[in-house]
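Down below is the structure, laid out as structure tokens.
The values are calculated or read from the model by the stated rules, or taken from the named source; none is laboratory data. Just so we're clear, the structure is a prediction, and the values are computed from it rather than from any experiment. Because the Cβ atoms are built from the backbone with ideal geometry, glycine has one as well, and the counts that use them run over all protein chains shown.
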Amino acid sequence: MSNEENANPKCDRRDFMGKAGVSAFLTAMGLAGAGSLVGLSPSVLPDPSKQLKIGPPQDYPSGTVRVFDEEKVVVISDDEGIYALSLVCTHLGCVVTLDRGSGQFDCPCHGSKFTMEGEVTKAPAPRSLDRYEVSLLPGGQMLVDQGVRLDSGEKLKV
Amino acid sequence: MGALKHIINLVSAPQVSFLVAAIAFFFVFPPTAGFERWNRRLRLNLLWTVRGGILLHALVIGGFFLSTLDPNFRAIVAKPDNVPIALLLFGTLFFLWYAMKQAVDNDQRLASDQKPNEYTDPSEPKILVWPDLVYIELIAAVLCMAALIFWSIALEAPLEQPANPTLSPNPAKAPWYFLGLQEMLVYFDPWLAGVVFPVLIIFGLMALPYIDTAPEGSGYYSYSRRKLFISLFLFGWLLLWVYLIIVGAFMRGPNWNFFGPYEEWDIHKVVPLTNINFSALVWVKLLNRPLPDNIIVREIFGIVLLGIHFLVVPPLLGVTVLKKFYSRMGNVKYAVFMFLSMAALTLPIKMFLRWTINLKYLVAIPGWFNL
Ligand code: FES
């Protein structure tokens, strides 16, 4: 290497390597940071078909509680009608279990508890279990639509 | 025996054990000269001598093995998942004791005008990395290997059937190093308990040496020269981290209910209680009004309390109790220090409010912020 390179007093070779290293590092971090923004939008969309046929109302006399493991839905029938709750805990998404003895849903992860109506009785869950629309199809079957969430405690009257 | 176990079960409930541990902590690890006097008066500093150490370990290990006679206790600690956690806790105890012993040793030497143990005379011959240090590391590596091989042969790995998304194990536990977080998640929003608090705790602990830049007592073990910061560090480490791991690992059973160490993990344990938000507590119970619709109005009391906690208390302390400390630290360091301390304090405070008045959230804005 010629001496001319070192002649520049502002930036000798060692300095240059250092600066190049730092800027390479910063560029890499910047790109990685920018890339991570992609993660903010979900790349997988929840599958659209979330409708569940659960049979005719006659199968659900008052007092029935039927758990659909696969779909994570529970269908409950009481004196006022039939309703469906999601079994996914509103805290971090563990699947709650039904304790038939005490008539409540327990979350195995952080101990949230819900009533049979889905209301939270014990934190940390911030809100009630999701309640899905239950409707009667023309053929006499009932349909739970996991795409339609109800805000109020509506039940399907039979 | 039965009565004793019953008492231990009751006392280990977090509302009792955490309170007792938090108070006892400051006598064992005194943050100020006043506490240090009490520490001497109660002879707690003798814990960090060889005799005290033998007694301490004998008590803990003896108590542990005595407890394994109890079938419920044994069922929990002998789970292959939990064996390493128990070993680790003994390790934590031993190294805590060892470091404290060296620190207290040095404190005494310095008090009697001797040099600290770690002092080396510059004229003495130096120890070389190669071969001296590398040999030690080699031996340590071989011993570790041997221990791991023995362990893997002696204890079966806790393998389970393939994961089934429709079947949550109950209790569903994180790996041990996350159990402190899982325990925090019981009290806070996932965003706070899963991200903000761990970051604050870890970075807060890491930041302590940079806040306390006083040169004395550096370069060797010592306690009383930087008691405030060592005490705070140990508080964050032992009570906000290790304690929560112990509770999460050994005392949380089905449905994440609390179980004493000798209690049977009964799936149907019923814990009758209803949590209530602070807004409901004030508006409905105290003021006898319906909850206002506007979220900010509804949560205003919680927000004000939170504001007082973070914005009013620190300056107030700065001009009263911590006046000297404040003038020594300067604005920036004091602000950082206070923010970290107050943030760390929200954790035990919130836990206590949950245990005592069944408080669900102080500020509850679902989807945004639940504290
Ligand atoms: S996921 Fe249900 S309580 Fe946390």
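Mind checking which helices (runs of 4 or more DSSP H) fall wholly inside region B:277-371 and carry at least 3 residues that are in contact (Cβ under 8 Å) with a residue 12 or more places away in the chain and out of contact with any His (no Cβ under 9 Å at 6 or more places or on another chain)?
On the way: elements: B:295-298, B:300-307, B:313-319, B:323-329, B:331-357.
Of the helices (runs of 4 or more DSSP H) lying wholly inside region B:277-371, those with at least 3 residues that are in contact (Cβ under 8 Å) with a residue 12 or more places away in the chain and out of contact with any His (no Cβ under 9 Å at 6 or more places or on another chain) span B:300-307, B:313-319, B:331-357.
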Which members of region B:255-266 meet the condition of being within 16 Å of the ligand (Cβ to nearest atom) and part of a loop (DSSP other than H, G, I, E, B)?
-> B:Asn257
Go through (1) within 16 Å of the ligand (Cβ to nearest atom); (2) surrounded by 14 or more Cβ atoms within 10 Å (Cβ to Cβ) one by one and return the number of the condition B:Leu306 breaks.
-> (1)
B:Val199 fails exactly one of the following numbered conditions: (1) free of Cβ contacts under 8 Å to residues at least 60 places away in the same chain; (2) part of a helix (DSSP H, G or I); (3) of a type in the set (A, V, I, L, M); (4) more than 24 Å from B:Ala335 (Cβ to Cβ). What is the number of that condition?
-> (4)
Subset of region B:178-215, residues away from the ligand (no atom under 12 Å from the Cβ) and within 14 Å of chain A (Cβ to nearest Cβ), comes to B:Phe178, B:Leu179, B:Gly180, B:Trp191, B:Leu192, B:Val195, B:Phe197
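Please state which one of B:Gln114, B:Gln102 is of a type in the set (S, T, N, Q) and in a helix (DSSP H, G or I).
Result: B:Gln102 is the single residue among B:Gln114, B:Gln102 that is of a type in the set (S, T, N, Q) and in a helix (DSSP H, G or I).
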Hey, among the residues in region B:247-281 that are under 17 Å from B:Phe73 (Cβ atoms) and among the aromatic types (Phe, Trp, Tyr), which one's nearest to the other protein chains (Cβ to nearest Cβ)?
-> B:Phe258
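Take region A:141-154 and flag every residue that is modelled with pLDDT under 85 and either on the phi > 0 side of the Ramachandran plot or of a type in the set (D, E, K, R) (or both). Please lay out each step first, then the result.
The first filter runs over region A:141-154 and keeps only residues modelled with pLDDT under 85, leaving A:146-154.
Listed by number, the residues that qualify are A:Arg149, A:Asp151, A:Glu154.
Going through B:Leu353, B:Leu371, B:Leu317 one at a time, which residue ends up being modelled with pLDDT of 85 or more, surrounded by 15 or more Cβ atoms within 10 Å (Cβ to Cβ) and in contact with a Leu (Cβ under 6 Å, 6 or more places away or on another chain)? Reasoning before the result, please.
On the way: B:Leu371 fails: modelled with pLDDT of 85 or more; B:Leu317 fails: in contact with a Leu (Cβ under 6 Å, 6 or more places away or on another chain).
The conditions single out B:Leu353.
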Per-region count, region A:1-56, residues among the polar types (S, T, N, Q), in a helix (DSSP H, G or I) and at pLDDT below 90 = 2
Could you say whether any residue in region B:162-172 is within 16 Å of the ligand (Cβ to nearest atom), under 26 Å from B:Trp241 (Cα atoms), free of Cβ contacts under 8 Å to residues at least 24 places away in the same chain and under 22 Å from the mean Cα position of the chain (by Cα)?
-> yes
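Identify the residue in region A:88-135 that is more than 20 Å from B:Phe178 (Cβ to Cβ) and β-branched (Val, Ile, Thr) and, among all such residues, is surrounded by the most Cβ atoms within 10 Å (Cβ to Cβ).
Looking only at region A:88-135, we keep the residues that are more than 20 Å from B:Phe178 (Cβ to Cβ), and these are A:88, A:90, A:96-106, A:113-122, A:126-135.
With the extra rule that they be β-branched (Val, Ile, Thr), the set shrinks to A:88, A:90, A:96-97, A:115, A:120-121, A:134.
Values: A:Val88: 16, A:Thr90: 20, A:Val96: 29, A:Thr97: 19, A:Thr115: 14, A:Val120: 23, A:Thr121: 19, A:Val134: 25.
Taking the candidates together, the pick is A:Val96.
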Single match in B:Ala193, B:Ala207, B:Ala214 (criterion: under 19 Å from A:Lys122 (Cα atoms), outside the structural domain of B:Val77 (by TED's automatic domain parsing) and of a type in the set (A, V, I, L, M)) | B:Ala193
